[in-house]
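Okay, structure first, notes after.
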Amino acid sequence: MDVGSWEWETGNLSSVVFVVFAVNKNMTRIAWTNDIHLNFLDDGRVIRFFKSIESQDFDFLLIAGDIAQANNLKKYLHFLNGLISRPVFFVLGNHDFYYSSITKMSREIEKWVLDFENLFYLGMGFDFNLSDKNSPVAEVFRPPTQYLSEKKSEREMIPDQLKSLRPHVYKLSEKTGLVGHGCWADGRVGNYFDSDIMLNDYMLIGEYVGLNKNKRFKLMNRLGDMSADYFRKYLPLALSKFDEVIVLLHVPPFKEATWHEGEVSENGHLPHFSCKAVGEALVEIMEKHPDKKITVLCGHTHGEGKCRVGDNIFVITGPATYGEPKITGFLEV
Ligand SMILES: [Fe+2]
Ligand SMILES: [Fe+2]
């Protein structure tokens, strides 16, 4: 693809804007990776890793979360923008919020990426009321039109107004669309109350800090429900436009996709490794679209595996090793 000749077309559909990249060939080649945890590397190795990606043949790069941590994420996104010449779509994983909060980071990155025409943050828009940790109030998923009117003064500062139209559904090829969301483990798979697993999330992510086990469970449920709401809203829209949709997540949406060392994760880890709410939403939506299919790309468990759910949901979980980031794979769509 000639990156210098992108064409942007916009068209409103139920207040969602599709951005269409001009792809001047029949097949689009997607590179994807997950859990690269760049903060485990020195900058020289990060740059070499991105240059090795850049040398590959692909049209779009997808990153399924856990890029780094909140205190260094922007530095690595800067590297990405400078070293990868093609569009990069990413979701954030739990580690990307460490030393900050979900509200602060998602708001900050949502706004910050607007200055980078190559970077696209999918599933943006979490908004918690931190003053009440017991029952976080979510005002999620502002439609782009509302977003624009709220931020008029900022929008006027951006020379190309289209830069501020960051939609939720992207076209990757004639038949394939893209939607994504970080997706949060919701505690509902496995046995949460018997699990003594204490992820760093619960000590390093603002919304979780200080919550007891019961309140943590409620927050996990809420986060999972918000993730599911996102897909209930945007996946049908993507399916109305495309025969196939790539769904980019961080957390696996099904127990069967929680691969770890060649096996599905055990009961203690499952509440922290899967999002039942999103899995149920995907099944419900895809049962209504038997002639369409989705490919889910996810990570989080650091184990590699594939699974099929129903007739039209295929899930690939990417492997990862701290300090050894790799391209997970390529897809032609
Ligand atoms: Fe990870
Ligand atoms: Fe993770």
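The values are calculated or read from the model by the stated rules, or taken from the named source; none is laboratory data. Computed from a predicted model, the values in this text were never measured in an experiment. All Cβ positions, glycine included, derive from the backbone under ideal geometry; neighbour counts span all protein chains shown.
Miscellaneous remarks
- Residue count, the stretch 49-68 (criterion: outside any helix (DSSP H, G or I) and surrounded by fewer than 22 Cβ atoms within 10 Å (Cβ to Cβ)): 5
- Cross-chain or 6+ apart pairs with Cβ under 9 Å, the stretch 312-323 first and assigned to a loop (DSSP other than H, G, I, E, B), then among the aliphatic types (A, V, I, L, M) and within 12 Å of ligand 1 (Cβ to nearest atom): 318/64; 320/36
- Top-ranked residue in the stretch 238-271 [being among the hydroxyl-bearing types (Ser, Thr, Tyr) and buried (at least 18 other Cβ atoms within 10 Å of the Cβ); ranked as farthest from residue 298 (Cα to Cα)]: 265
- Scanning the stretch 304-327 for residues that are touching an Asp or Glu at 6+ places or on another chain (Cβ under 7 Å) and closer than 14 Å to residue 246 by Cα yields a single hit, 317.
- Residues that are within 16 Å of ligand 1 (Cβ to nearest atom), within 26 Å of residue 177 (Cα to Cα), in contact with a Gly (Cβ under 6 Å, 6 or more places away or on another chain) and not hydrophobic (A, V, I, L, M, F, W, C) are absent from the stretch 96-110 altogether.
- Residues in the stretch 280-302 that are assigned to a strand (DSSP E or B) and either more than 18 Å from residue 243 (Cβ to Cβ) or free of Cβ contacts under 8 Å to residues at least 24 places away in the same chain (or both): 298 only.
- Residue count for the stretch 303-318 satisfying the condition of being buried (at least 19 other Cβ atoms within 10 Å of the Cβ) and within 16 Å of ligand 1 (Cβ to nearest atom): 5.
- Candidates are the residues of the stretch 165-201 that are among the aromatic types (Phe, Trp, Tyr) and modelled with pLDDT of 95 or more; the one that is surrounded by the most Cβ atoms within 10 Å (Cβ to Cβ) is 192.
- Residue count for the stretch 272-284 under the criterion of being under 19 Å from the mean Cα position of the chain (by Cα) and more than 16 Å from ligand 1 (Cβ to nearest atom): the result is 8.
- Selection from the stretch 245-265 of residues that are of a type in the set (Gly, Ala, Ser), at pLDDT below 95 and within 16 Å of ligand 1 (Cβ to nearest atom): 265
- If only residues of the stretch 69-102 that are part of a helix (DSSP H, G or I) and aliphatic (A, V, I, L, M) are counted, the one that is surrounded by the most Cβ atoms within 10 Å (Cβ to Cβ) is 102.
- Verdict on residue 178 being part of a helix (DSSP H, G or I), among the hydrophobic types (A, V, I, L, M, F, W, C) and in contact (Cβ under 8 Å) with a residue 12 or more places away in the chain: no
- Residues of the stretch 30-48 satisfying the condition of being more than 24 Å from residue 296 (Cβ to Cβ) and either within 16 Å of ligand 2 (Cβ to nearest atom) or surrounded by fewer than 21 Cβ atoms within 10 Å (Cβ to Cβ) (or both): 39, 40, 41, 42, 43, 44, 45, 47, 48
Let's see how each residue does on (1) free of Cβ contacts under 8 Å to residues at least 60 places away in the same chain; (2) at positive phi; (3) away from ligand 2 (no atom under 16 Å from the Cβ):
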| residue | (1), (2), (3) |
| --- | --- |
| 58 | no, no, yes |
| 76 | yes, no, no |
| 80 | yes, no, yes |
| 86 | no, no, yes |
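- In the stretch 43-95, residue nearest to residue 304 (Cα to Cα) [restricted to those that are more than 16 Å from ligand 1 (Cβ to nearest atom) and among the small types (Gly, Ala, Ser)]: 52
- For residue 215: the one exception among (1) assigned to a loop (DSSP other than H, G, I, E, B); (2) surrounded by fewer than 18 Cβ atoms within 10 Å (Cβ to Cβ); (3) away from ligand 2 (no atom under 14 Å from the Cβ): (1)
- Taking (1) over 20 Å from residue 172 (Cα atoms); (2) touching a helix residue (DSSP H, G or I) at 6+ places or on another chain (Cβ under 7 Å) in turn, residue 231 satisfies each apart from (1).
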